[in-house]
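S.K.: Can you keep this structure in mind? I'll have questions shortly.
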Amino acid sequence: DQQVKQNSPSLSVQEGRISILNCDYTNSMFDYFLWYKKYPAEGPTFLISISSIKDKNEDGRFTVFLNKSAKHLSLHIVPSQPGDSAVYFCAASRGYGGSQGNLIFGKGTKLSVKP
Amino acid sequence: DTEVTQTPKHLVMGMTNKKSLKCEQHMGHRAMYWYKQKAKKPPELMFVYSYEKLSINESVPSRFSPECPNSSLLNLHLHALQPEDSALYLCASSRPGQGFGEKLFFGSGTQLSVL
């Protein structure tokens, strides 16, 4: 049972255009959402996060939007750059008694930004 | 220093071997994690240590034995592994107490092959 779903395994975008990566979740108890970026042969690196009390968080070229009613979040990258080419993982978590690190990851979307 | 260092980067072992994976961070983080990631799958949590004590064991088989000798080091001892245990093993750390699902810093991983 996948609680965090990234239905697009890959996305190709032209340099300078907007990249939109989507993520859906099924567990309404999730209250914190994160995006990680992963290059080959490297560990995931944190990109941006959003709490369930917000609907938007922006950091430079990266913006995450959260639609709680639809249980959907998206990551917008504007403008896209070739260096953004990587696998992007959506992750979600919920708080429960004393546990930490209970991030649930999606399967990832491979973004390719073409020059 | 914002790095999580994992050694070795690659490991090939037989099913009767005993080996250890090592992880080190000097960011003062008091929570450390082991994740397992198979090809084209999301990272899956294995263990969490908080203040050098094991706080989460996600029903991992006993052939994987974690150890946290001090606040900077995390080991994963491997014994009698199976070929299906071949995967990328990721170590991560974070500052506990910030709330659940706080930002994790990942190492580059150890690519393990069990023959």
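S.K.: In region A:19-49, what count of residues is obtained for those that are among the aliphatic types (A, V, I, L, M), within 18 Å of A:GLY108 (Cα to Cα) and either at pLDDT below 95 or assigned to a loop (DSSP other than H, G, I, E, B) (or both)?
M.R.: 4
S.K.: Let me ask another. Among the residues of region A:21-45 satisfying the criterion of being closer than 22 Å to A:PRO82 by Cβ and within 10 Å of the chain's Cα centre (by Cα), which is surrounded by the most Cβ atoms within 10 Å (Cβ to Cβ)?
M.R.: Among them, the one singled out is A:TYR36.
S.K.: Among the numbered criteria (1) under 14 Å from the mean Cα position of the chain (by Cα); (2) within 14 Å of chain B (Cβ to nearest Cβ); (3) closer than 25 Å to B:TYR35 by Cα; (4) among the charged types (D, E, K, R), which single criterion is violated by A:ARG94?
M.R.: Just one mismatch for A:ARG94, condition (1).
S.K.: On to the next question. Of the residues that make up region B:59-70, is at least one within 14 Å of chain A (Cβ to nearest Cβ) and in contact with a Ser or Thr (Cβ under 9 Å, 6 or more places away or on another chain)?
M.R.: Within region B:59-70 (the criterion being within 14 Å of chain A (Cβ to nearest Cβ) and in contact with a Ser or Thr (Cβ under 9 Å, 6 or more places away or on another chain)), the answer is no, since none of the residues qualifies.
S.K.: Which residue, of B:LYS9, B:LYS19, is basic (Lys, Arg) and loosely packed, with under 14 Cβ neighbours inside 10 Å?
M.R.: Sole residue among the options that is basic (Lys, Arg) and loosely packed, with under 14 Cβ neighbours inside 10 Å: B:LYS9.
S.K.: Which of the residues that make up region B:33-43 are facing chain A (nearest Cβ under 9 Å) and crowded, with 16+ Cβ neighbours inside 10 Å?
M.R.: B:TYR33, B:TYR35, B:GLN37, B:PRO42, B:PRO43, listed by residue number.
S.K.: Which of the numbered conditions does A:THR45 fail, given that it passes all the others? Conditions: (1) of a type in the set (S, T, N, Q); (2) away from chain B (no Cβ under 13 Å); (3) within 25 Å of B:SER108 (Cα to Cα).
M.R.: Going through the list (1) of a type in the set (S, T, N, Q); (2) away from chain B (no Cβ under 13 Å); (3) within 25 Å of B:SER108 (Cα to Cα), A:THR45 breaks only (2).
The values are calculated or read from the model by the stated rules, or taken from the named source; none is laboratory data. The structure displayed is predicted, hence computed values, not measured ones. Cβ coordinates were reconstructed from backbone atoms using ideal geometry, including for glycine residues, and neighbour counts include every protein chain displayed.
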